[in-house]
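What follows is a single structure, written as structure tokens, with notes after it.
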Amino acid sequence: MDNFLKVINELQDVFSTVGSSPDSIKLPQIVVVGSQSAGKSSVLEGIVRKNFLPRGGGIVTRRPLIIQITQENISNQSWACFLHNPDKKYTDFDEVRDEIVAETDRLCGNSKNILPDPITLKIYSSDLPTLTLVDLPGVVKVPVDGQPENIEEQTINLVKSFVQNPNSIILAVSPGNVDLANSEALKIARQVDPESRRTVAVITKADLMERTTENRLVLEGKSIPVKLGIIGVINRSQAKIDQEQPIDKCLEEEELFFKSHYQYISGEMGTPYLTKRLCKILLENVKECLPELIIRITEQKVLQQNILDSLGTKVDDPFEMLIQLLYKFCQTFDSNIDGKESIKLPNGKEISGGRHLFQQFERTIGTDLEHLILPEDIEQQIEQEIMSSSGAKPALFTPNIAFENLASNQVQIYVKPVKKSIKKCCETITEITMQLSKQVFKRFPNLKREAHHICLSLIMSKTQAVEQFLDNYLKCEICYINTNHKLFAKDRQRIEVESLDADGENLPFEKQNVKRIRALLELYSNIIKNQLMDVVPKTVMSFMVYGFKEDLHKELIKRLANQQKVGDLMKEDVFIEEKREKAAKMLQALEQADAVTCLLD
């Protein structure tokens, strides 16, 4: 039996060293719950048979106190130690009380606030059974003596954080001189354990209960359904405490009282019976939970190891690590653009650079140009242009300058979608590098920031080259309308013929001209559109994307691989360091926990 309970004690110690256990590992434990002045301290001191708990007005217990009792074959003198100072051995339990107060004040200070950080007290004795109990602050209703206004909410939330553990046994302590219907302990227990399957009710001050049939039914468990039982105990009065009456003497008086007043159930009342009952309940609970705990420990080991792997090891050679990261960044960018791998975003989506760029070309330069057709008033524009080009005399033939002006105006419209396409591609490259820098340099915020700035500068430089080239290209198209273009010349004669329909002889010459020029404008515009759909992607890929790829690594090395800057660049994010340290400690604790559970195999 002791081996099972000692395993839980050791697991509790292991996880206390790292602050807490993983959420999925719920250790079996007995949690003592009750309102302020319900008699929790007296119950615990009766079990331990020592005066060791702080007493006084207001909230005395301001941190959870884990009391681990271990039965060992030692001398008759019991002794204790604390997990926060395991090398110091206490045989005087008055000093234990003083240390509990000092350790509480160390974190809580002189304020009346409560904190969830537990104090672990280990008690070794030859005449006490192995048992672990968690003493919690008593629930108070009205703040007094400088207590915060929400002290009731604080205490209830702290208590619930322990009793919500499905593997915990709730020791609900209620005073016998108060109607149990108003018991704060039973109320909290009922909220988390509505069927009372893991609740033990303890009625303190049983000698102050009126000896009525109703109270007998309560002690027999017939009035209030509690599956694990209702046990009455008798506390030491304050007068007896002040007189320093030995606890053993009080236990004798308790036994005599129950035999005298509740003889037929006296064997199931009193502190000694409560102690035995709690040992049995805890042992059964531990045996039931242990297989699941072993599985959870194994799962958590894998999880914490994965976290450590994702965070990487501590940097031994900052310069070498820097060079490796810069190379990895450039290689990953190349692979992403070439479609060999994608970037996984935190929201689960993926970015494939090459595919993303192709989509941008389709959505901007492709779709936008296709949607640009001749304006609805183009025929009026053609008429006005012919008139302007003909001067004062009517035109017998359409001047070439009229068509060239109209074609130049139409090409001018294509400048906007071309610039939009360049902008979108620039944004795509910027997004790719930003996401890559977050992933590759996530451990090093200074390096991530500097690398991203260099990427932005290089992207802007390449974007300006693209803009300059395409700006000159469009100027060429606008300034010189090539009516001798092979495709234009090929279809021009066909358009001349088609523009004269069956009623062509009846149409005025001017109308025939307008119809013919409109068709020629459409032909020429489509030729320029098709050229831009080919030239823009080629220019962007050549100047911006591949130019960026070619210069990226040497630019990063040139501006970052400086021995004087390496120390600052390779400083890890404090959060990463803390997370790695926490994961390492937790993994070590889980390894120890695994070793502890193996002792029972």
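The values are calculated or read from the model by the stated rules, or taken from the named source; none is laboratory data. A quick note: this is a predicted structure, and the numbers were derived from the prediction, not measured. Methodologically, a virtual Cβ is constructed for each residue, glycine included, from the backbone with ideal geometry; neighbour enumeration extends over all protein chains shown. For the accessible areas, the whole protein counts, side chains as well, though only heavy atoms, and no ligand, DNA or RNA atoms are used. Shrake-Rupley method; radii C 1.70, N 1.55, O 1.52, S 1.80 Å.
A quarter of the convex hull surface defined by the alpha-carbon atoms of the chain gives 46.2 nm² as the mean projection. Taking the charge dipole of the chain about its Cα centre, with +1 at Lys and Arg Cβ atoms and -1 at Asp and Glu Cβ atoms, the residue from L374, I478, I114 reaching farthest to the positive side is I478. Taking every alpha-carbon pair under 8 Å whose residues sit at least 6 apart, the chain reaches a relative contact order of 15 percent. C250 contributes about 20 Å² of solvent-accessible surface, heavy atoms of the protein only, 1.4 Å probe.
Measuring max minus min along each principal axis, the C-alpha atoms of segment 417-480 give extents of 55, 17, 10 Å (largest first). Hydrophobic, long helices, defined as DSSP H runs whose alpha-carbon span along the helix axis is 20 Å or greater and whose mean Kyte-Doolittle value is at least 0.0, occur in the chain at 2-16, 271-311, 318-337. Could you work out the percent of alpha carbon pairs in segment 143-200 separated by over 14 Å, rounded to a whole number? Distances greater than 14 Å cover 59 percent of the Cα pairs. Of the solvent-accessible surface of the chain, computed with a 1.4 Å probe over protein heavy atoms with every protein chain present, carbon and sulfur atoms account for 49 percent. Averaged over its residues, the chain has an accessible area of 51 Å² per residue, based on protein heavy atoms and a 1.4 Å probe. Secondary structure note: in the chain, about 35% of the DSSP beta bridges are antiparallel. Surface listing: R197, R236 arranged by accessible area from highest to lowest gives R197, R236, probe 1.4 Å. Overall, the chain carries a charge dipole of about 380 debye about its Cα centre when +1 sits on the Cβ of Lys and Arg and -1 on the Cβ of Asp and Glu, all other atoms neutral. Going by accessible surface with a 1.4 Å probe and the largest first, Y327, Y473 read Y327, Y473.
Think of it as helices only: each DSSP H run of n ≥ 4 in the chain is worth -39500 (n - 2.57), and spread over all residues that comes to -19000 deg cm²/dmol at 222 nm. Residue by residue, segment 116-130 carries 3J(HN,Hα) couplings of x, 5, x, 9, 10, 10, 10, 10, 10, 8, 8, 10, 10, x, 6 Hz when phi is fed to the Karplus relation 6.51 cos²θ - 1.76 cosθ + 1.60 (θ = phi - 60°); x denotes Gly or Pro. Surface calculation, 1.4 Å probe, protein heavy atoms: D471 sits at approximately 60 Å² accessible.
Looking at the calculated P(r) for segment 230-285, what percent of the C-alpha pair distances fall above 19 Å?
Value for segment 230-285: 36 percent of Cα pairs lie more than 19 Å apart.
From the protein chains alone at 1.4 Å, what is the descending order of accessible area for C479, C426, largest first?
So the residues, ranked largest to smallest area, are C479, C426.
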